[in-house]
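The values are calculated or read from the model by the stated rules, or taken from the named source; none is laboratory data. A quick note: this is a predicted structure, and the numbers were derived from the prediction, not measured. Every residue, glycine as well, gets a Cβ built from its backbone with ideal geometry; the counts of neighbours run over all protein chains shown. For accessibility, only protein heavy atoms count, side chains too; no ligands or nucleic acids. Shrake-Rupley method; radii C 1.70, N 1.55, O 1.52, S 1.80 Å.
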Amino acid sequence: MVRMMIRAAGLAIAAVPVAALAQGAPAQLEWTVRESPSSCSVSGQPDGGFLFLAINAEGGSIWRVHHPDMTIAQGDVVPGVLEVDGAALAFEARGARTSDGTPGFTAAATETVRAALGTGGEVTIRLEGGPPIAMGLAGLPSALTAMTNCAAKLKPRDPATIPVVRARALSFPSITRSDLPTAGATARVVAFRLGVAPDGSVSGCTIVESSGAPALDARVCEMLEEGAQFEPARNATGDAVADTFQSRLKF
């Protein structure tokens, strides 16, 4: 079982899958663009990894990548290089983990980085001390265009409501295949977004990528709403504010 914990600002109100066939490749890549009142994002699973990129209403942008071959430790800050079309772009990576320990990083997504990812070809990510990670990004350009167009329509938020320190999971329920009604499932993954209240409780659960079995999706949300607890997000003055926490569960 692999649970991929990915954070994103805002509650998704729309999700648009964008699929593209990599030239000469038998498998189709699908990128999903999501919009919310406070952010727009795109995500996909290229070459055994997971890539997430988001822009918020205030113009801030991050990208996050997880891959089982990465070796960066959670919380470590190391130099990284994004290689594409013969160019090498330096960035600073902060180590992150999924709930099952799959390594990865988060970093600022500058316009230069977004342009490099938007070429749609193969990129290589090199983090200091780790192996090179190659990913094919066919179809990502159109998804990034959709995300950018979405972000242009966002309205800046009240600063008092903006999380500066994001909600952090204190406890998370263990969910195994035996806990779920798998009949009718067409995929062995379900993605969800949790609303996190200012007191750290789960205020809601939204399925953003269905397993194909409504009963299974509902059970995942039920278990998360009952068993997850968070350290609440804080705004710039230290007050607790609402936040969201996004994750993917493989079963």
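Brief remarks on what is shown
- Relative contact order, whole percent, for the chain stands at 21, derived from Cα pairs under 8 Å and 6 or more residues apart.
- When the alpha-carbon atoms of the chain are used, the pair Rg, Dmax equals 17.6, 53 angstrom.
- Calculation over all alpha carbon pairs of the range 120-231 in 10 angstrom steps from 0 returns a P(r) of 11, 24, 28, 34, 2 percent.
- Hz values of 3J(HN,Hα) by residue in the range 220-226 - Karplus curve (6.51, -1.76, 1.60), Gly and Pro given as x: 4, 4, 4, 5, 5, 5, 7
- The mean accessible area for residues of the chain, using a 1.4 Å probe and ignoring ligands and nucleic acids, is 45 Å² per residue.
- The fraction of accessible area contributed by carbon and sulfur in the chain is 53 percent, rounded to a whole number (1.4 Å probe; ligands and nucleic acids excluded).
- Modelled FRET efficiency - R0 41 Å, residue 176 with residue 236, Cβ distances, 0.05 increments: 0.55
- Applied to the range 110-117, the Karplus parametrisation 6.51 cos²θ - 1.76 cosθ + 1.60 on θ = phi - 60° returns per-residue 3J(HN,Hα) values of 5, 4, 5, 5, 4, 5, 5, 5 Hz, with x for Gly and Pro.
- Taking the square roots of five times each eigenvalue of the Cα gyration tensor of the range 29-166, the equivalent ellipsoid has semi-axes of 24, 18, 13 Å, listed largest first.
- Peptides 186-196, 143-153 ranked from most to least packed give 186-196, 143-153, packing being the mean of other C-beta atoms within 10 angstrom over each peptide's residues.
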